[in-house]
Amino acid sequence: MTKFKNWLLGSGLLGVLLLLSGCVRMDKDGTPDTSGLVYRMLVVPLENFLNWMVNNFNWSYGLAIIVLTIIVRLVIMPLGINQSKKSLIQSEKMQSIKPQIDAAQEKVKQASTQEEQMEAQREMQAVYKENNVSMMGGMGCLPLLIQMPIFSALYYTARFSEGIQHSTFIGIDLAKPSYILVVVVGVAYLLQGYISLIGVPEEQKKTMRSMMIASPLMIVFMSFTSPAGVALYWVVGGIFSCLQTFITNVLMRPRIKAQIQEELKKNPPKQVVTKPIKKAEPIQPKQVNQPKNKNKNNNTGNGRNAGKQKRK
């Protein structure tokens with residue numbers, strides 16, 4: 001399941017890139033088609049909101065983007081924490097049924113017919129169902145999906161908004177890619193990945209380490225090819241991700257683990273699958289060693305002598 005989560009998150013980030021490359025039509029002169037649905041529904045409202053903050057509070061566009069990011073992350077943070085809590089509960093429950101899952105997988109490997117393989121897979125599904133454990137591990141991508149339209153709108157706003165085109169933030173041109181912000185983005189999400197490994201069993205860390213590298217690389221690539229205004233969004237988002245991961249993994253995980261262990265003492269996991277019986281290896285027939293006729297030559301010789309004696 002962890003590999004599937006990694007694939008889904010990676011494909012989701014790749015989907016963002018594909019979305020950005022084709023969701024807004026461009027005119028021949030390189031300007032966006034302002035009559036398009038995506039532009040009117042996403043880009044125009046976001047640009048108006050940024051202009052409103054700049055004009056009413058006398059802020060820079062960089063500060064306005066930071067405030068926008070904070071608002072978005074504060075809105076989705078409770079959802080993200082709740083989703084992480086569910087994932088932690090399912091992960092702890094998964095550890096309790098792991099021996100049965102391993103036994104079912106061993107049965108699948110040992111199955112010699114399709115019927116035996118299907119029966120072993122049904123047993124595996126029954127383990128999850130009887131113990132109220134999700135096969136998806138409590139996975140949820142709603143926070144990522146919510147950010148996609150915001151990120152898409154900000155991407156085109158940063159590229160084509162007149163205000164952002166002529167705006168800087170602490171000396172950084174918000175309309176052009178910034179290597180400084182790209183580095184900060186990479187560090188922020190690497191730190192978030194490191195925090196996510198705290199308290200995780202060693203066997204799970206091995207599969208999570210690949211995602212710890214893959215996810216920051218994807219976000220760094222997106223920031224590298226985007227205006228600095230978009231990279232600024234990822235910087236603030238990365239800081240919030242570190243905070244959220246610290247809350248769920250460092251503060252919540254020990255309490256959830258203790259709670260699940262207490263529940264398992266009262267209600268142990270239901271035994272559905274037993275350890276597979278190893279097939280007996282066919283017994284090879286023992287080879288009977290024939291006694292060697294050590295006196296073969298002597299007998300032959302004796303036979304010749306005996307013949308000679310008869311002839312005499």
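The values are calculated or read from the model by the stated rules, or taken from the named source; none is laboratory data. Remember, it's a predicted structure, so these values are computed and weren't measured experimentally. So basically every Cβ, Gly included, is an ideal-geometry build from the backbone, and we count neighbours across all protein chains shown.
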Item to complete: Could you pull out the residue among LYS270, LYS286, LYS275 that is out of contact with any helix residue (DSSP H, G or I) (no Cβ under 6 Å at 6 or more places or on another chain) and at pLDDT below 85?
Response: LYS286
Worksheet item: How many of the residues making up segment 77-93 are at pLDDT below 85, out of contact with any Ser or Thr (no Cβ under 9 Å at 6 or more places or on another chain), of a type in the set (A, V, I, L, M, F, W, C) and surrounded by 16 or more Cβ atoms within 10 Å (Cβ to Cβ)?
Response: 1
Item to complete: Report, by residue number, each residue of segment 121-148 that is modelled with pLDDT of 80 or more and not in a loop (DSSP other than H, G, I, E, B).
Response: GLN121, ARG122, GLU123, MET124, GLN125, ALA126, VAL127, TYR128, LYS129, GLU130
Worksheet item: Do you know which of the residues in segment 46-69 that are part of a loop (DSSP other than H, G, I, E, B) and of a type outside the set (Phe, Trp, Tyr) is nearest to the chain's Cα centre (by Cα)?
Response: SER60
Response to the item:
Taking segment 96-106 and keeping only residues that are closer than 14 Å to PRO201 by Cβ and surrounded by 17 or more Cβ atoms within 10 Å (Cβ to Cβ), one is left with none
Discussion item. So the check is Cβ under 6 Å with 6+ separation or different chains; which pairs have a first residue in segment 196-210 that's on the phi < 0 side of the Ramachandran plot and a second one that's part of a loop (DSSP other than H, G, I, E, B)?
Written reply: LYS205/LEU197
Fill in: Candidates PHE151, PHE160 - the one that is at pLDDT below 75, out of contact with any Phe, Trp or Tyr (no Cβ under 6 Å at 6 or more places or on another chain), under 24 Å from PHE224 (Cβ atoms) and of a type in the set (Phe, Trp, Tyr)
PHE151
Practice prompt. Select the helices (runs of 4 or more DSSP H) contained entirely in segment 159-266, then report the ones holding at least 3 residues which are over 21 Å from the mean Cα position of the chain (by Cα).
Written response: 162-165, 179-196, 228-246, 253-266
